[in-house]
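J.: Mind looking over this structure? Questions follow.
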Amino acid sequence: MLTPQGLKGKQYRVTGNAYPRLGRPPKKSRKVIAALAGLLALALIGLGGVQLYDIFRGKDKNSSAQACATASGKPLAAPSPGAPEASGAPAAAAGDPHAVPQASAVTVNIYNATTKAGLAGRTAEEFKKRGFTIGKVGNAPAELDKKVPGTAQVIAGPSGAGAGTLVSSQIAGATVTADARTDASVDFVIGDSYNALLDETQAAAALALATKPTPAPSTTGSC
């Protein structure tokens, strides 16, 4: 007794040359075959779409690569900071209030907010040795007298932002504040914790750190 596929479990005796007629494959098998055929067709359509996309995008990729190069064909480089001058400060850009000027171009007013007599005069001499132009020297105004708990308070206006950075780099732990003055002068108000200015090597290192350019956003993968 044989049970050929497609006979739905029925058994037939095969005799002579006559065979029973096989029925259609089960409906479930037809559905599976149809589903596989559909998936294959979708895969072929998707592959063709990707290839067409790459063909049409080829021009854009070349344009992006060209945009990442200069006229000489070299990749664009991040801007480098200005070369240090004799005072250790980068060259100031004309008209830029945030650019750090040379010490000789900065007028510093030295004020003593402590009870230690003569401290403003001695500190003014130290700034003068470093090339700064000395302005007013004396006791701090009433609103600051004996009210600066740290080493110093550095005060500058909008046009003296770079000068304030240079002055504040001369002392560790200084507080930097802004006021509404219209010139580029800087006030250096000595606080209770003040002992001495940083040595010139330390001051140069502090200035380099304060003026270190902010890293540009990563462009990995865009070029």
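Each value in this text was obtained by applying a stated rule to the coordinates, not by laboratory testing. Source: prediction; values computed, not measured. Ideal geometry is used to build each Cβ from the backbone, glycine not excepted, and the neighbour counts take in all protein chains shown.
J.: Where does the charge balance sit around ARG122 when Lys and Arg score +1, Asp and Glu -1, over other residues with C-beta under 15 Å from its C-beta?
T.: Net charge around ARG122: +2.
J.: Cβ neighbours within 10 Å, averaged per peptide: list 167-173, 99-105 in order, most packed at the top. If you can, show how the numbers build up before the last one.
T.: Numbers: 167-173: 21.6, 99-105: 19.9.
Order by mean packing, descending: 167-173, 99-105.
J.: Could I ask something else about it? Could you order the peptides 205-214, 124-133 from most to least packed, using the average number of other C-beta atoms within 10 Å per residue?
T.: Highest mean packing first, the order is 124-133, 205-214.
J.: Multiply the residue separation of HIS98 and ILE134 by 0.36 nm, subtract the distance between their alpha-carbon atoms, and state the gained length in nm to one decimal. Before the final figure, lay out the partial values.
T.: Working: separation 36, 0.36 × 36 = 12.96 nm, distance 2.08 nm.
Full extension from HIS98 to ILE134 adds 10.9 nm.
J.: Give me the distance in nm between label points sitting 7 Å out from Cα along the Cα-to-Cβ direction at THR182 and GLU125, one decimal.
T.: It is 3.7 nm.
J.: Let me ask something additional. Just to be sure I understand the model, the point goes 7 Å from the Cα along the line to the Cβ. What's the resulting THR214 to ALA117 distance in nm?
T.: Result for the modelled spin labels: 4.9 nm.
J.: Between ASP192 and LEU36, what is the label-to-label distance in nm when each label sits 7 Å out along the Cα-to-Cβ direction?
T.: 8.7
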